[in-house]
Amino acid sequence: MDGRKLLDQMKGLINAHTESGCSIYQQGYKDDYFKIFRCAHDNRLFDSNAHPRMTGDAIRDYFYGDWLSEDNDENKKRLKTMNNVLAMWDEWHYALEKYGV
């Protein structure tokens, strides 16, 4: 799957989970993010030459520049959700790079 589509899916999940107030750490919700992560990993979108690059820092930069730049209460909530997701994201990437699957 294309990296832009993965970013759009992630954006949709972050929006939905922020609006509903549900915990992204619940199994079903966490799985939604992991599916996107695994697709990005399998398609080598973490590589330095990938475009868009799907590291946690790169995703944060895309979303800040493209979607969450306006300083308002709703975006502050989304940023909190996004940062929690990207913390897991980076942990998953570390685990796969370090220990493989």
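The values are calculated or read from the model by the stated rules, or taken from the named source; none is laboratory data. Note that the coordinates shown come from a computational prediction; the quantities given were computed from them, not determined experimentally. Here the Cβ is made from the backbone with ideal geometry for all residues, glycine too, and neighbour counts use every protein chain on show.
So how many residues does segment 51-101 have that are farther than 15 Å from Leu13 by Cα, hydrophobic (A, V, I, L, M, F, W, C) and either assigned to a helix (DSSP H, G or I) or at pLDDT 95 or above (or both)?
Total meeting the criteria: 6.
Restricting attention to segment 61-83, which residues are over 16 Å from Thr18 (Cα atoms) and buried (at least 17 other Cβ atoms within 10 Å of the Cβ)?
Tyr62, the sole residue that qualifies.
Go through segment 46-60 and report how many residues are more than 17 Å from Glu91 (Cβ to Cβ) and not polar (S, T, N, Q).
Number satisfying all stated conditions: 5.
State which residue pairs qualify: first residue under 16 Å from Thr81 (Cβ atoms) and touching a residue at least 40 places away in the same chain (Cβ under 8 Å) and inside segment 20-43, second residue of a type in the set (S, T, N, Q) and part of a helix (DSSP H, G or I) in any location, beta carbons under 7 Å apart, and separation of 6 or more residues or different chains.
Partner pairs satisfying both residue conditions: Ile24/Thr81; Ile24/Asn84.
Determine whether Asp61 is closer than 16 Å to Met1 by Cβ, out of contact with any strand residue (DSSP E or B) (no Cβ under 6 Å at 6 or more places or on another chain) and free of Cβ contacts under 8 Å to residues at least 40 places away in the same chain.
no
Quick check on my filter: what residues within segment 4-50 are over 19 Å from Leu96 (Cα atoms), of a type in the set (S, T, N, Q) and touching a helix residue (DSSP H, G or I) at 6+ places or on another chain (Cβ under 9 Å)?
Those that are over 19 Å from Leu96 (Cα atoms), of a type in the set (S, T, N, Q) and touching a helix residue (DSSP H, G or I) at 6+ places or on another chain (Cβ under 9 Å): Gln9, Asn15, Thr18, Ser23.
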